[in-house]
Amino acid sequence: MSLRPTLDFLLNDWLAVESLNQRERFSDHSRETFDAVLDTCERIAREKYAPFNRLVDTQEPHFDGDKVILPRATHDAQKAYAESGMLSAAQDAEIGGMQLPYTVEAAANSFFAMASVSIGSGMLTTGNANLLMKHGTEVQKQVFALNEFSGRWSGTMCLSEPQAGSSLSDVVTRAVPDGADFADDPLGSRYRLKGNKMWISAGEHELTENIVHLVLAKIPDESGKLVPGTRGISLFIVPKHMVNAHGELTGERNDVALAGLNHKCGWRGTTNTLLNFGEGKYPVGGAAGAVGYLVGQPGKGLACMFHMMNEARIGVGLAATMLGMAGYHASLAYAKGRPQGRPMGPAGKDPAQSQIRIIEHADVKRMLLAQKSYCEGALALELYCARLVDEQHTGDAQSADDARLLLEVLTPIAKSWPSEWCLEANSLAIQVHGGYGYTRDFPVEQYWRDNRLNMIHEGTHGIQAMDLLGRKVLMEEGKGLQLLAARMQATMARAGQVPELADHARSLGQALADVGAATKAAWATGNPTDALANAVPYLQAFGHAVLAWIWLDVALTAHAAPEAPARTGRLGAMRFFFHYELPKIGAWLQVVSQRDATCAGLPEEAF
């Protein structure tokens, strides 16, 4: 079973991505060039990634005392990805990019996530370089970003610390000016960093000749104390190996040392590290302290880093989606070939009757349809968000601002919803396989392990929920939420004219009204403690309403298509979501609307 027909439908029939070619930035492209990119990525994923997914899971990265060792297959896959040009796909042609719409870039990257998310592709490197293109100096762009886009170097994001986790206000990594002439370095104002960073993906390896760490740290005040909270956080480029202003390695190692590898339940093919900055293991110029170059203004580092974090959140959502899709395809193939049981009714009581394939059982169909509705719906959501990115960058002023606000509201959903429900799809894929599902003879147990990390990657459910209910639906007097509601209502109006979809349009209208009422009820006291006590159920309900809207919009396009099995499947998945999933929001919204204190009010000793 191929992913390509689903992508072609969503990109070309539903999102009409070819219409982007009418814009100046994408005017050299056509349906043919888009298809060529997808063909290339599908081939590389099939040849360089998929055959080694189990290998990189079992042959975890290990440190030999000098360097981190990864399987040869990982080196080959990363090289093929870099040579494809996908690291710089969205960049200007004059710096070697393709000027590819982000919608097509995201679709192309879905092949790699599905083939082996554990090998990875280049999400962090691209995000790192994109941040520098936005906030770095011209020299920083030339030296660091362009070498990342070429694949010569790779990049990381270093936020969390062992004692702080997601609480960035508690960051204690320090950055002090490196001598009297610290501001005269052509690479940027030079500082010395000391501290520790935890959970750093791809933080140490030999895949590229250099690693560009983007590190959050605080510059002490005049008294030598760190500014409390996030106001004092700055952002620094800390290369693994020292470089000059021409992008050449100087031969000196920066004071960044691997303190340990984290051994995870999934994503085992990607190194995950604890890094020590400035401990003196590799003194630069005879002095301790990792050399870092300031990005942007002092104290404004978190705003810069969010440029990368938001991009990474959509990337995590896409990775979660494609792991779910991989499990769905595997369990569908298994269900079509596995004989077990006999049909219901008198004929099935005859033991001489031939067994039927398990896909003929109603409950197996339920599990497969659930997976299809979760994964194809999530893929549509991720591509819709990618299309908003293109609109924000190339649309007229009003359309661009609308896209910005819609992305603000939808990003917590784009990250969290697939990471919860495509994980559920992976669980169902194991269930379809029965006892074989949790053995390593089949790939579905690995897909589940890999996907379990995505509910934590780039901000947990709790963080996304507080961001959504505590900030995004309120920002700019609720304009983003109003824009989203308007788009949902437009879809409902169109679906209301189609007899087969009219009931679903009414169900979505009620769900939208319920979410709106719960939003107001949550904030009725004006007390954030009351409102946010049930932020996660709100996130779940909000996400289900959004996915119902996405499915209804997709169904309008599918309904207009000629009769075919794919059309029947898409409409069936839409009906499943409305009949089996959308009703769940009632229970979630009830505790939100009542500001239920069952959880928040329970004393610690009661546990």
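Laid out as a table, the results:
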{"quantity": "Every pair of residues 6+ apart whose Cβ atoms lie under 6 Å, when the first sits in segment 570-594 and is more than 14 Å from Leu501 (Cβ to Cβ) while the second is surrounded by 18 or more Cβ atoms within 10 Å (Cβ to Cβ) and of a type in the set (Phe, Trp, Tyr)", "calculated": "Val592/Tyr538"}
{"quantity": "Residue count, segment 494-520 (criterion: surrounded by fewer than 16 Cβ atoms within 10 Å (Cβ to Cβ) and either over 26 Å from Arg570 (Cβ atoms) or not assigned by TED's automatic domain parsing to the domain that holds His579 (or both))", "calculated": "3"}
{"quantity": "Helices (runs of 4 or more DSSP H) completely within segment 7-86 that count 3 or more residues being assigned by TED's automatic domain parsing to the domain that holds Thr103 and within 30 Å of Arg253 (Cβ to Cβ)", "calculated": "72-84"}
{"quantity": "Of the criteria (1) out of contact with any helix residue (DSSP H, G or I) (no Cβ under 9 Å at 6 or more places or on another chain); (2) farther than 23 Å from Gly266 by Cβ; (3) surrounded by fewer than 23 Cβ atoms within 10 Å (Cβ to Cβ), which one Met198 fails", "calculated": "(2)"}
{"quantity": "Unique match (being of a type in the set (Asp, Glu) and touching a residue at least 60 places away in the same chain (Cβ under 8 Å)) among Glu18, Glu42", "calculated": "Glu42"}
{"quantity": "In segment 259-275, the residues that are closer than 19 Å to Gly195 by Cα and either surrounded by fewer than 19 Cβ atoms within 10 Å (Cβ to Cβ) or not assigned by TED's automatic domain parsing to the domain that holds Asp170 (or both)", "calculated": "Ala259, Gly260, Leu261, Asn262"}
{"quantity": "Any hit, segment 354-373, residues being in contact with a Lys or Arg (Cβ under 8 Å, 6 or more places away or on another chain), within 30 Å of Val104 (Cβ to Cβ) and either outside the structural domain of Leu100 (by TED's automatic domain parsing) or at pLDDT below 95 (or both)", "calculated": "no"}
{"quantity": "Subset of segment 464-494 (residues that are of a type in the set (A, V, I, L, M) and touching an Asp or Glu at 6+ places or on another chain (Cβ under 8 Å))", "calculated": "Met475, Leu483"}
{"quantity": "Candidate set: segment 152-173, residues that are in contact with a helix residue (DSSP H, G or I) (Cβ under 7 Å, 6 or more places away or on another chain) and modelled with pLDDT of 90 or more; chosen: the one farthest from Met133 (Cα to Cα)", "calculated": "Leu159"}
{"quantity": "Pairs where the first residue, in segment 514-526, is of a type in the set (Lys, Arg) and the second is modelled with pLDDT of 95 or more, C-beta under 9 Å, 6+ apart", "calculated": "Lys520/Ser593"}
{"quantity": "Qualifying residue in segment 366-377 (condition: of a type in the set (A, V, I, L, M) and under 22 Å from the mean Cα position of the chain (by Cα))", "calculated": "yes"}
{"quantity": "Members of segment 573-597 found to be exposed (fewer than 15 other Cβ atoms within 10 Å of the Cβ) and not charged (D, E, K, R), listed by number", "calculated": "His579, Tyr580, Pro583, Gly586, Ala587, Gln594, Ala597"}
{"quantity": "Residues (in a helix (DSSP H, G or I) and among the aliphatic types (A, V, I, L, M)) located in segment 558-607", "calculated": "Ala558, Ala566, Leu571, Ala573, Met574, Leu582, Ile585, Ala587, Leu589, Val591, Val592, Ala606"}
{"quantity": "Boolean, Val139 is under 18 Å from Glu248 (Cα atoms) and either touching a Leu at 6+ places or on another chain (Cβ under 7 Å) or at pLDDT below 95 (or both)", "calculated": "yes"}
{"quantity": "Breaking point among (1) acidic (Asp, Glu); (2) out of contact with any Phe, Trp or Tyr (no Cβ under 9 Å at 6 or more places or on another chain); (3) within 27 Å of Leu369 (Cβ to Cβ), for Glu581", "calculated": "(2)"}
{"quantity": "Selection from segment 557-572 of residues that are surrounded by 16 or more Cβ atoms within 10 Å (Cβ to Cβ) and under 12 Å from Asp13 (Cβ atoms)", "calculated": "Thr557, Ala558, Arg567, Arg570"}
{"quantity": "Residue within segment 500-522 that is part of a loop (DSSP other than H, G, I, E, B) and either within 30 Å of Ile200 (Cα to Cα) or not charged (D, E, K, R) (or both) present", "calculated": "no"}
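Here is a yes/no grid of residues against (1) buried (at least 19 other Cβ atoms within 10 Å of the Cβ); (2) more than 30 Å from Cys385 (Cα to Cα); (3) out of contact with any His (no Cβ under 7 Å at 6 or more places or on another chain):
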| residue | (1), (2), (3) |
| --- | --- |
| Phe111 | yes, no, yes |
| Ser116 | yes, no, yes |
| Val143 | yes, yes, yes |
| Leu146 | yes, no, yes |
| Cys158 | yes, no, no |
| Ala180 | no, yes, yes |
| Glu204 | yes, yes, yes |
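The values are calculated or read from the model by the stated rules, or taken from the named source; none is laboratory data. These numbers come from a predicted model, not from an experiment. Methodologically, a virtual Cβ is constructed for each residue, glycine included, from the backbone with ideal geometry; neighbour enumeration extends over all protein chains shown.
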